[in-house]
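Scroll down for the structure; my scribbles are underneath it.
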Amino acid sequence: TLFRSASRKKLVVLDKIDEKDLDEDFVEQTKAFCNYIFNKCKEKTIGGGHPVTGKLLAELASCFVNAIQDGTTPCLENTVQALSQIENQEAVQEAISYYEKQMEATVKLPTATVKELLNLHSNFEREAMKIFMKRSFKNEDNEYQKQLEGVLKSKYEALELQNMKISENKCQDLLTLLSEPIKKKLSEGFYFKPGGYMILVNELQEMTEKYQKTPDKGVKADEVLLKFHYENESTKMSILQMDKTLSDKEKEIEKEREKAEAVKQENEMKENLRAEAQAKMEEMQKNHEENMAKMLQKLEDEKNQQKQAFEEMLQNKYQEQQRLRDEQAEAQIRLLQRQIDELNSSSCSVM
């Protein structure tokens, strides 16, 4: 029994009095109770060992009250299922929020490679999954994990598109700046003269080297450069045909060289894109398999905790049953003893 917190007069203004005005025995008893709760009492759990936080307890109480108000019989299993849906959805939102904040704070676009962005995504997705799994429970069909994976994948793909667009714009702006002197000479007809083709080739090569040495161009650097050369190929061929210093055979050889170089660069770009796509697919498949393994392990742990909780409850029932049997036996023994005492008393009276 708890001691009264204060005198009768002070009880009516209990919310306004200082702690020093509380009854000393009540304060000491309360401290002992809190110490027991915080240090010795096992945490309450539901749904396979999931800890009941203050928020969950409030939700649990609310579900029971609503059921009673609706005139239905409160069902713990249904209530826990309803709570799991609320908690799992909030776990998804918490994980998404973490992922968004970390990616926003860490990613600097454009990234040098696709792999750089993919690695950041994988790391923060892994941590987001940990946050989700720590809070989720009774996610038996993996519905909420799949939902989280889908959202994170969509956010990564949107960021990937943004990364490519920023890189593409940056590279195009850089090429526009570097090629400005060449375009000016073209408009003035500078290259349409004997030896003009080789001058153009050399200047384009110099421009390409400056472009390639410029840092932080991003993932579209090679593709934009290849597109630039492709778009200017017809101009180069026109100047080549008009260059009188080259023989027809030399012009033909130069055409083949240009064509071979273009094919080589295009094949290299395609191979790089193929390798990046393959790496992305393998990384995402690896992440998915890891997430599934962790979720299956969590479900297995929940089942084991449920089994342990059931066995503990069953053991407590057996112990309670034995205690009642012992109490009943003691009551019978006391009754028999009273009867024996009464008989002894009667015997003495008769004698």
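Quick notes
- Inter-part distance where the range 1-35 and the range 153-221 are each reduced to a Cα centre, Å: 79
- Residue separation of Asp70 and Gln89 scaled by 0.36 nm, minus their Cα-Cα distance, works out to 4.3 nm of gained length.
- Net charge dipole size for the chain [Lys, Arg +1 and Asp, Glu -1 on Cβ; Debye, nearest 20]: 460
- ³J(HN,Hα) computed for each position of the range 126-138 - Karplus, 6.51 cos²θ - 1.76 cosθ + 1.60, integer Hz, glycine/proline x: 4, 5, 5, 5, 4, 4, 5, 5, 5, 9, 6, 7, 6
- The modelled label-to-label distance for the pair Ala82/Gln172, using points 7 Å beyond Cα in the direction of Cβ, is 5.5 nm.
- Cross-link check: pairs Lys115/Lys227; Lys20/Lys134; Lys108/Lys227; Lys31/Lys101; Lys101/Lys217 evaluated at a Cα-Cα cut-off of 32 Å; pairs beyond the cut-off: Lys20/Lys134; Lys31/Lys101.
- A dipole drawn for the range 1-135 from +1 and -1 charges on Cβ atoms has a positive end, and of Phe64, Ala32, Pro110 the residue lying farthest that way is Ala32.
- Computed from backbone phi with θ = phi - 60° and the Karplus coefficients 6.51, -1.76 and 1.60, the 3J(HN,Hα) list for the range 203-211 is 5, 5, 5, 4, 4, 4, 5, 5, 4 Hz; x is used for glycine and proline.
- Cα pair distances in the range 33-176, grouped into 5 Å bins until the bin that holds the longest one, percent each: 2, 8, 14, 14, 12, 11, 10, 8, 6, 5, 4, 2, 1, 1, 0, 0
- In a reduced charge model with +1 at each Lys and Arg Cβ and -1 at each Asp and Glu Cβ, the range 91-190 shows a dipole moment near 220 debye about its Cα centre.
- Distant-in-sequence amide contacts of Thr45, defined by a placed amide H-H separation under 5 Å and a gap of 5 or more residues or a different chain, comprise Val52.
- Percent carbon-and-sulfur accessible area, the chain, ignoring ligands, DNA and RNA, probe 1.4 Å: 54
- Spatial separation of Cα centroids for the range 71-143 and the range 323-343, in angstrom: 62
- R0 of 22 Å, Cβ-Cβ distance Asn119-Gln285: FRET efficiency to nearest 0.05: 0.90
- Whole-number accessible area per residue in Å² for the chain, which is evaluated in the context of all protein chains at 1.4 Å: 68
- Put a dot 7 Å past the Cα of Glu231, heading toward its Cβ, do the same for Ile199, and the two dots end up 2.4 nm apart.
- Residue-wise HN-Hα coupling along the range 284-291, computed from phi with Karplus coefficients 6.51, -1.76, 1.60 (Hz; x: Gly, Pro): 5, 5, 4, 4, 4, 5, 4, 5
- Kirkwood hydrodynamic radius over Cα pairs of the chain, then Stokes diffusion coefficient at 20 °C and 1.002 mPa s, in µm²/s: 73
- Additional length obtainable on full extension of the chain from Asp21 to Glu261, 0.36 nm per residue less Cα span: 77.2 nm
The values are calculated or read from the model by the stated rules, or taken from the named source; none is laboratory data. Just so it is clear, the structure is predicted and the values come from calculations on it, not from any experiment. Neighbour counts are summed over all protein chains in view; Cβ atoms, including those assigned to glycine, are modelled from backbone coordinates with ideal geometry. Note: areas computed on protein heavy atoms with side chains; ligands, DNA, RNA excluded. Shrake-Rupley method; radii C 1.70, N 1.55, O 1.52, S 1.80 Å.
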